[in-house]
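First the structure, in the form of structure tokens, and then the observations on it.
The values are calculated or read from the model by the stated rules, or taken from the named source; none is laboratory data. Keep in mind that this is a model prediction, so the values were computed, not measured. Ideal geometry is used to build each Cβ from the backbone, glycine not excepted, and the neighbour counts take in all protein chains shown.
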Amino acid sequence: MARPPHPVRPAVAAALALAHAVGWLASAGCSELVRPTLPGDTDFDVRSLEIVADDGELALDHGVLQTTLAVRPDTLLIRGQKYNPYRKAEDARRLVVFWQSYGYFDAEVVDVKVDFDEADKLVDIQWTMREGPAYKIRQVTLQGAPSGWDERLRDHIFFGPGDGVVLLDYRWVRHAMADDLRQAGYLRAEVYSRAFVDREAKRVDWLYIVDAGPRSVVGEVTVKGNVDVPAEAIRARAGLVPGAPIDFDTVEEREMNLLDLGAFATARIRGAYGTEFITHTEPADTWIPPDTGGIIKPAQIAPDGSYVPRKDLAREVDFTIQVVESPDVQGRVGVGVNIDLERIDPFASARLELRNALGPLHHLVVEGSVGYGLRWRGDVEEPLGLYGSALLRYVKPAFIGRLLDLRATLRFDESLYPGFHWRTALAGLGLRAALSRQVFVDLEPRLRLDDGVGLHTIDPGWLAEHDILDPSGAASANGEVGLCLVWDARDSGVEPLAGHLVALRGAWAPGGALGDSGWLRAELDLRGFINLSRDLAVGLRAAGGWVFALDEGAGVPIGARLFGGGAYGVRGFATRRLSPHADSCDGDACQAVPVGAASLVEGSIELRWLPWRKQQGVVAFVDAGGAGLGADPLAEGVSVAAGAGLRVRLWHFAVGLDLAYRVTDVDAYDDLDRFLGFLRFGEAF
């Protein structure tokens, strides 16, 4: 079935709206602005613009013309244009072309009335259109597909006999077909679109012509733009070997590999494809100017009118790797605040990147953050105070082979938990690899030190029963191996509406001679999106984790256990509140504090309305989860929270404000707030 006509081209209308809004503001704020004059210009503003049928009502939705014709009135965002008879004549042609774009090939302007108000210097314009019949598709033909490709390319054709005509959308299909071919190695592929109009029968025959060309291999490879990074190192990272088969997915993947070197602001691999368009074109409603269906040269047309495939196309495609190196020293600072119904946490962060500090492709990264916890509800006398983190990292891309990078890291974290602080120091030497554009893996053996601050006495017998290392002793030291595998196929890391994310994180501390205790921790994070429209989607998230003690009697440090809740977990709990609790006692004064779970599961379903190119959006959500002292995170029951939120897009990040109510609960959390609010900056789901 054909998609319904949508005469409003969103990107075109938005671009025009922005341009005219800027122009209107400029003219309003600059009284001396001199507007250039054109032949035929007058000082008459357009008061009204009307388009009517010569008989009955117009069938085609034409509202967009109020803001796209050359002679038009002012609207809220788009500035109008003064009356000009020459521009009015151009508008007559625009009207006909607009109707023809939707299959009204007999449309014509039969009259235009212009009424002048000399006193107020205003003009009223009324166009009269004769639409004629809406032509229908009679047949759709695909010719020239390579062997085995006919059915796959036909899958892109979403219209057929009996459907109406939408020229721009139907022409766009040729680019989707060419994308598939180029991604399969036909880098010189072209697809053309032609519509043959039968005015007597009021029917249109649509033809797609495929000219795939040969499968491509790499030709010469040239590097441009490099200063500090040797060209040979860039070629080695790109991995484009002359004579090797090549496709466009590989080209894009190698661009990402170059960016992962950490030395470039931009990295582009440009091929001498000799095609009209490069792959991954945007949908038809973002094109300025509209697509024509493709340019077929005279030599490609036989005397009988049939298509002649291009000749002498070389298999070899020459590539130019164009890079722009990032500054040798680059810094970033940030400030913000996290707010929930218990705490206000203002924080500041800084990051300094020293590229090629120790030689070409030997980088240093220094970063840190500091926050201050203020409790404004509950036990307001509880001292929260300063907390923060610091990191020093050495990075050597392409340490082993083309894609394996070395990272040496020193990190210190002091995290604020309800009722206490937890300090963790790490020293690790790891490897990182980008397995594809969307898949990354990190492996890091490290030394780990853990120490609790502000915790009082917790029943040692209870801790031992549940495999929790007693935090009242000295800091624990352990060897640990961390593993992280991420497959991120979301369309956006900030406000995704499509795609999925799969993240697997694990840590193994063998204990014994390599530490005070041993444990195995595994966490899985799954996120997916059901796209309902361009602006509306359903987000799904399921996350779970388990920690198992490996040294009998030693237990697992609290900092290595699992905590849920907060803005990115079950929003019926404050940060790190979804956890088993224990009494921390100072004499007769006891306070229930979270000590981490051995098993944790959290899930969310979120309806996300995030209008395209708008600054505001809203979400509605239901979260559920549980935390257990054993292997079953739901042994004590399930906690469910529901709520709604606001999303605000600023220049470089998103702001989220969520309000949630914990609908169902378990006895362990009776003393905690059921109604919570979260203000956060950054990723929305």
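Would you please name the residue that is surrounded by the most Cβ atoms within 10 Å (Cβ to Cβ), looking only at residues in the stretch 142-168 that are of a type in the set (A, V, I, L, M), touching a residue at least 60 places away in the same chain (Cβ under 8 Å) and in a loop (DSSP other than H, G, I, E, B)?
We begin by selecting, within the stretch 142-168, every residue of a type in the set (A, V, I, L, M); these are 142, 145, 153, 157, 165-168.
Imposing the further condition that a residue be touching a residue at least 60 places away in the same chain (Cβ under 8 Å) reduces the set to 142, 145, 165-168.
Among the residues that remain, those that are also in a loop (DSSP other than H, G, I, E, B) are: 145, 165-166.
Working: A145: 19, V165: 24, V166: 20.
Looking at residues that are of a type in the set (A, V, I, L, M), touching a residue at least 60 places away in the same chain (Cβ under 8 Å) and in a loop (DSSP other than H, G, I, E, B), I get V165.
When the stretch 214-239 is examined, which residues are found to be more than 23 Å from E190 (Cβ to Cβ), out of contact with any Leu (no Cβ under 8 Å at 6 or more places or on another chain) and not in a strand (DSSP E or B)?
Correct list: G225, N226, V227, D228, P230, A231, E232, R235, A236, G239.
The rows are residues; the columns are (1) over 22 Å from R437 (Cα atoms); (2) under 17 Å from the mean Cα position of the chain (by Cα).
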site: E465; (1), (2): yes, no
site: V481; (1), (2): yes, no
site: D491; (1), (2): no, yes
site: H500; (1), (2): no, yes
site: A507; (1), (2): yes, no
site: A513; (1), (2): yes, no
site: D525; (1), (2): no, no
site: L532; (1), (2): yes, yes
site: A542; (1), (2): yes, no
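With the requirement that a residue be surrounded by fewer than 17 Cβ atoms within 10 Å (Cβ to Cβ) and among the polar types (S, T, N, Q), what does the stretch 192-227 give you?
T222
Among what's in the stretch 441-452 and is of a type outside the set (D, E, K, R) and closer than 15 Å to A560 by Cα, pick the residue that is surrounded by the most Cβ atoms within 10 Å (Cβ to Cβ).
Quick first cut of the stretch 441-452, residues of a type outside the set (D, E, K, R) only: 441, 443, 445, 447, 449, 452.
Next, from what is left, pick out any that are closer than 15 Å to A560 by Cα: 447, 449, 452.
On the way: L447: 15, L449: 17, G452: 24.
Residue satisfying both the conditions and the ranking: G452.
Can you go through L485, L520, L536 and tell me which one is under 26 Å from L435 (Cβ atoms), surrounded by 15 or more Cβ atoms within 10 Å (Cβ to Cβ), under 31 Å from the mean Cα position of the chain (by Cα) and not polar (S, T, N, Q)?
On the way: L520 fails: under 31 Å from the mean Cα position of the chain (by Cα); L536 fails: under 26 Å from L435 (Cβ atoms).
After applying the criteria, what remains is L485.
Go over the candidates V110, V52, V46 one by one and state the one that is farther than 27 Å from R203 by Cα and aliphatic (A, V, I, L, M). If you could, list the steps in order and put the result at the bottom.
Values: V110 fails: farther than 27 Å from R203 by Cα; V52 fails: farther than 27 Å from R203 by Cα.
Being farther than 27 Å from R203 by Cα and aliphatic (A, V, I, L, M) holds for just one of V110, V52, V46, which is V46.
How many of the residues in the stretch 46-67 are part of a strand (DSSP E or B) and closer than 10 Å to M129 by Cβ?
Here is the first cut: in the stretch 46-67, the residues part of a strand (DSSP E or B) are 46-53.
If we keep only those that are closer than 10 Å to M129 by Cβ as well, we get 51-53.
Looking only at that region, the number is 3.
Restricting to the stretch 296-326, name every residue that is assigned to a loop (DSSP other than H, G, I, E, B) and without any contact (Cβ under 8 Å) to a residue 40 or more places away in the chain. Outline the logic, then answer.
Restricting attention to the stretch 296-326, the residues satisfying the condition of being assigned to a loop (DSSP other than H, G, I, E, B) are 296-297, 302-306, 308-315, 326.
The answer is K297, A302, P303, D304, G305, S306, V308, K311, D312.
Do you know which of the residues in the stretch 422-440 that are of a type in the set (A, V, I, L, M) and at pLDDT below 90 is surrounded by the fewest Cβ atoms within 10 Å (Cβ to Cβ)?
So the first thing to find is which residues in the stretch 422-440 are of a type in the set (A, V, I, L, M), and the list is 425-427, 429, 431, 433-435, 439.
From what is left, the residues that are at pLDDT below 90 are 434-435.
Working: A434: 17, L435: 13.
Filtering the stretch 422-440 for residues that are of a type in the set (A, V, I, L, M) and at pLDDT below 90, the one surrounded by the fewest Cβ atoms within 10 Å (Cβ to Cβ) comes out as L435.
Restricting to the stretch 590-646, give me the number of residues that are of a type in the set (G, A, S), closer than 25 Å to P471 by Cβ, at pLDDT 90 or above and in a strand (DSSP E or B). Before the answer, list the steps.
Taking the stretch 590-646 as the starting set, the residues that turn out to be of a type in the set (G, A, S) are 592, 596-599, 603-604, 617, 620, 624-628, 630-631, 635, 637, 639, 641-645.
After this cut, where a residue has to be closer than 25 Å to P471 by Cβ as well, the list is 592, 596-599, 625-628, 630-631, 635.
So of that shortlist, the ones also at pLDDT 90 or above come out as 596-599, 625-628, 630-631, 635.
Imposing the further condition that a residue be in a strand (DSSP E or B) reduces the set to 597, 599, 625-628.
Count: 6.
Considering every residue within the stretch 96-118, establish whether at least one is loosely packed, with under 13 Cβ neighbours inside 10 Å and either assigned to a helix (DSSP H, G or I) or under 37 Å from the mean Cα position of the chain (by Cα) (or both). Outline the logic, then answer.
Within the stretch 96-118, the first condition is being loosely packed, with under 13 Cβ neighbours inside 10 Å, and the residues that meet it are 97, 110-111, 113, 115, 117-118.
Keeping just the survivors that are either assigned to a helix (DSSP H, G or I) or under 37 Å from the mean Cα position of the chain (by Cα) (or both) gives 97.
Yes, the stretch 96-118 has at least one match.
Quick one: in the stretch 439-459, which of the residues that are of a type outside the set (S, T, N, Q) and in contact (Cβ under 8 Å) with a residue 60 or more places away in the chain is nearest to V395 (Cα to Cα)?
Of the residues in the stretch 439-459, the ones of a type outside the set (S, T, N, Q) are 439-456, 458-459.
Now restrict to residues that are in contact (Cβ under 8 Å) with a residue 60 or more places away in the chain: 448, 450, 452, 454-456, 458-459.
On the way: R448: 20, D450: 25, G452: 31, G454: 36, L455: 37, H456: 40, I458: 42, D459: 44 Å.
The selected residue is R448.
Please work out which one of (1) more than 29 Å from V308 (Cα to Cα); (2) at pLDDT 95 or above is the condition V217 fails and give its number.
Exception for V217: condition (1).
Report yes if some residue within the stretch 509-521 is under 14 Å from A477 (Cβ atoms) and of a type in the set (S, T, N, Q); otherwise report no.
yes
Being farther than 30 Å from F675 by Cβ and under 31 Å from the mean Cα position of the chain (by Cα), is that true of even one residue in the stretch 415-425? Don't jump to the end; show me each part of the working.
Let us first name the residues in the stretch 415-425 that are farther than 30 Å from F675 by Cβ, namely 423-425.
Keeping just the survivors that are under 31 Å from the mean Cα position of the chain (by Cα) gives none.
No, that holds for no residue.
Given (1) modelled with pLDDT of 95 or more; (2) crowded, with 21+ Cβ neighbours inside 10 Å, identify the lone condition not met by R171.
Looking at each condition in turn, R171 falls short on (1).
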